[in-house]
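Q: Take a look at the following structure, please.
Any read-out appearing in this document is the output of simple, stated calculations on the displayed coordinates, not a laboratory observation. Keep in mind that this is a model prediction, so the values were computed, not measured. Counting neighbours? That spans all protein chains shown, and the Cβs are built from the backbone with ideal geometry, glycine included.
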């Protein structure tokens, strides 16, 4: 091959490499903002927008409907969970049933004594459930999407029947990734919002 042709090829290759280096230098050093979104994990922001009951006072033996609606006001979540727990109960059997829901995945009934995640660390940190709960999630849960679940609940005893509600988004990378962000801590060392229905003696 003639020397001038070989040299010409080397010059073209050198120019191409130089252009590529210059492009990435400008993109990363001069315009880093264009690359930050690609490297930064999403920050979901779950919010429970409504918790309602059909009756705030019932007689023993009666049931009430409990509806929970949640949305994601942050970035998309790989997975977002809504949990309703019943610290006055020992089991959900014969007490809690799902009336309707529109989540992407079905509800899971978690009974007392089961291994569950703790401290927003998922299964990486486990504790034993001290009381039953119902968990339901959507994966993925996009920004602005809303889902709701309605439970039928039949309290097993008289008095104040308490239930806890919370929502958690994953990846969990800040206080914005759980709702509520403060207040009462549950058996998973996670914040919950506390609600109740009063159960009267049957007339």
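Q: With all distinct Cα pairs included, what does the Kirkwood hydrodynamic radius of region 46-200 come out to in Å, to one decimal, could you say? The partial results should precede the final answer.
A: Details: mean 1/r = 0.0641 Å⁻¹.
For region 46-200, inverting the mean 1/r across all distinct Cα pairs yields 15.6 Å.
Q: From the Cα gyration tensor of region 106-161, with a ≥ b ≥ c the square roots of its eigenvalues, which class applies: rounded if a/c is under 1.5, or else prolate if a/b is larger than b/c, or else oblate?
A: Because a/c hits 1.5 or more and a/b fails to exceed b/c, region 106-161 counts as oblate.
Q: For region 60-145, rounded, prolate or oblate, judged on the Cα gyration tensor with a ≥ b ≥ c (square roots of eigenvalues), a/c < 1.5 rounded, else prolate if a/b > b/c?
A: oblate
Q: Apply 1/(1 + (r/R0)^6) to the Cβ-Cβ distance of residue 56 and residue 102, taking R0 = 25 Å, and write down the FRET efficiency to the nearest 0.05.
A: After rounding, the FRET efficiency stands at 0.50.
Q: Let me ask you something else. Counting pairs of alpha carbon atoms under 8 Å apart in space and at least six apart in sequence, what relative contact order in percent does region 46-200 give? Numbers along the way, then the final one.
A: Numbers: 412 pairs, mean separation 52.1, N = 155.
Relative contact order here is 34 percent.
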